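Taking it in order: structure first as structure tokens, then the write-up.
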Amino acid sequence: MTLLKINNLKVYYYTRRGIVKAVDNVSLAMNKGEMVGLVGESGSGKSTLGLSIIRVLPPQAKIISGSVIFNGTDLLKLSEREMRKIRGKEISMVFQDPLTSLDPLQKIGDQIVETILEHEPNISKQEAYNMAKKALQEVGIPPDRIGNYPHQLSGGQRQRVMIALAMVLKPKLIIADEPTTALDVIVQDRIMELLSALKKEYGMSILFITHDLALAAERSDKIAVMYAGHLYEYGSSTDVVNKPLHPYTEGLIESIPDVFMRKEIKEIPGQPPDLTKPPSGCRFHPRCPYRMPKCSREEPPILQVNGRLVKCWLYS
Ligand code: ATP
Ligand code: SF4
């Protein structure tokens, strides 16, 4: 069952350098209880897409057109007041750096209690406190740490607190933007395991934003690949990783290091483009080994190929 359906979304930043076309005509659907890994190199528009869903974009960003249908409602048509009821309760977000999201001067338990009471004013303070304790326990933080300040916890524990904050009201969707990038690989794996467990236990959907395709593929049901503000491939993780259709996805997979050194690492040549002046036609054409004359002239349409979405002239 579809939980989120983004249709033809365009989000631009108005900067002194010009208009940055960060998300340009992106459509993407997510089902209930599904983890979707949104991958792509830095600057491909992943975070902008995530921030657009809950409408917490910086002031220079503007949603130009499109819709974000969540559970049947277009979030882009809601007032800010209505949106505040959705954020934290129906959709919550986990960011890369918990220190910027947690209040350093407030105990972690109080921060969770505050979030609960903001959305559920009929719950007593004691009840909210018990919920906070339970949430901490669920993310693997001993409940007796409830009186700790963020600085008394390790980086991995702080990220767990962020996840406790994000899941305490059992939202339908968690957007996790590079939640493990600042952590070492072992802690990273535990955090990913925790997100997967929440998905299973509560049927939450998770949009997992990362530049790390290998990490996304391990846990996600589906993979969406973004490049230069466009969605280039979307399909089941197994299909996308085992048989990438889009040349950009292929390039991302070839650039993943193999711990057993069984294969040669091949970097994608060149750099992602400046999105104030994106390349004509297919935005990947300057870097694509398969480009044809048509690729620089005309933008490819999104095509359905073997149950997958692919934006490439090779399949038309
Ligand atoms: P990263 O992993 O580096 O965050 P990303 O794929 O999430 O990359 P975005 O952060 O969404 O990509 O950036 C998409 C484009 O929008 C980039 O060209 C970026 O420079 C630009 N951009 C992002 N935030 C802003 C901003 N606040 N003001 C102006 N341009 C921005
Ligand atoms: Fe390469 Fe052309 Fe496909 Fe773009 S449309 S990815 S340039 S083959």
Among (1) over 16 Å from LYS46 (Cα atoms); (2) touching a helix residue (DSSP H, G or I) at 6+ places or on another chain (Cβ under 8 Å), ILE186 falls short only on (2)
Pairs, please: C-beta under 6 Å, at least 6 apart or cross-chain, first residue closer than 16 Å to ALA135 by Cβ and in the stretch 193-205, second surrounded by fewer than 19 Cβ atoms within 10 Å (Cβ to Cβ)?
TYR202/LYS170
Residue check: is LEU207 under 21 Å from PRO171 (Cβ atoms), in contact with a Gly (Cβ under 7 Å, 6 or more places away or on another chain) and either surrounded by fewer than 20 Cβ atoms within 10 Å (Cβ to Cβ) or of a type in the set (A, V, I, L, M, F, W, C) (or both)?
yes
Of everything in the stretch 296-305, what is under 20 Å from TYR234 (Cα atoms) and near ligand 2 (Cβ under 9 Å from one of its atoms)? Give them in sequence order.
GLU299, PRO300
Can you name every residue in the stretch 162-188 that is crowded, with 18+ Cβ neighbours inside 10 Å, assigned to a loop (DSSP other than H, G, I, E, B) and charged (D, E, K, R)?
LYS172, GLU178
Unique residue being charged (D, E, K, R), open to solvent by 40 Å² or more (accessible area, probe 1.4 Å), more than 16 Å from ligand 1 (Cβ to nearest atom) and in contact with an Asp or Glu (Cβ under 9 Å, 6 or more places away or on another chain) when the list is GLU193, GLU218, GLU250:
GLU218
Single match in GLU80, GLU41, GLU34 (criterion: open to solvent by 40 Å² or more (accessible area, probe 1.4 Å) and either closer than 21 Å to ILE174 by Cβ or under 15 Å from the mean Cα position of the chain (by Cα) (or both)):
GLU41
In this structure, does PRO293 turn out to be surrounded by fewer than 20 Cβ atoms within 10 Å (Cβ to Cβ) and away from ligand 2 (no atom under 11 Å from the Cβ)?
no
Kindly indicate which of CYS282, CYS295 is modelled with pLDDT of 95 or more, away from ligand 1 (no atom under 16 Å from the Cβ), in a loop (DSSP other than H, G, I, E, B) and among the hydrophobic types (A, V, I, L, M, F, W, C).
CYS282
Selection over the stretch 298-316 where residues are assigned to a helix (DSSP H, G or I) and either in contact with a strand residue (DSSP E or B) (Cβ under 6 Å, 6 or more places away or on another chain) or within 16 Å of ligand 1 (Cβ to nearest atom) (or both) yields a count of 1
Within the stretch 154-182, take every residue that is within 16 Å of ligand 1 (Cβ to nearest atom), in contact with an Asp or Glu (Cβ under 9 Å, 6 or more places away or on another chain) and not charged (D, E, K, R) and give me the one that is farthest from LEU215 (Cα to Cα).
ALA182
Can we say LEU303 is open to solvent by 30 Å² or more (accessible area, probe 1.4 Å), at pLDDT 95 or above and either within 22 Å of the chain's Cα centre (by Cα) or basic (Lys, Arg) (or both)?
no
Could you please find all residues in the stretch 263-300 being within 22 Å of LYS46 (Cβ to Cβ) and of a type in the set (Gly, Ala, Ser)?
GLY270
Qualifying position, being touching a residue at least 24 places away in the same chain (Cβ under 8 Å) and open to solvent by 40 Å² or more (accessible area, probe 1.4 Å), among SER124, SER92, SER101:
SER101
Would you mind stating whether LEU51 is part of a helix (DSSP H, G or I), open to solvent by 20 Å² or more (accessible area, probe 1.4 Å), near ligand 1 (Cβ under 9 Å from one of its atoms) and modelled with pLDDT of 95 or more?
yes
Hey, GLU118 loosely packed, with under 13 Cβ neighbours inside 10 Å and either in a helix (DSSP H, G or I) or in contact (Cβ under 8 Å) with a residue 60 or more places away in the chain (or both) or not:
no
Does at least one position in the stretch 109-124 carry a residue that is touching a Gly at 6+ places or on another chain (Cβ under 9 Å), among the hydroxyl-bearing types (Ser, Thr, Tyr) and more than 15 Å from GLY147 (Cβ to Cβ)?
yes
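The values are calculated or read from the model by the stated rules, or taken from the named source; none is laboratory data. Since the model is a prediction, treat every value here as computed from it, not as a measurement. Virtual Cβ from ideal backbone geometry, glycine too; neighbours counted across all protein chains shown. In case anyone asks, the SASA skips ligands and DNA or RNA and just uses the protein heavy atoms, side chains included. Shrake-Rupley method; radii C 1.70, N 1.55, O 1.52, S 1.80 Å.
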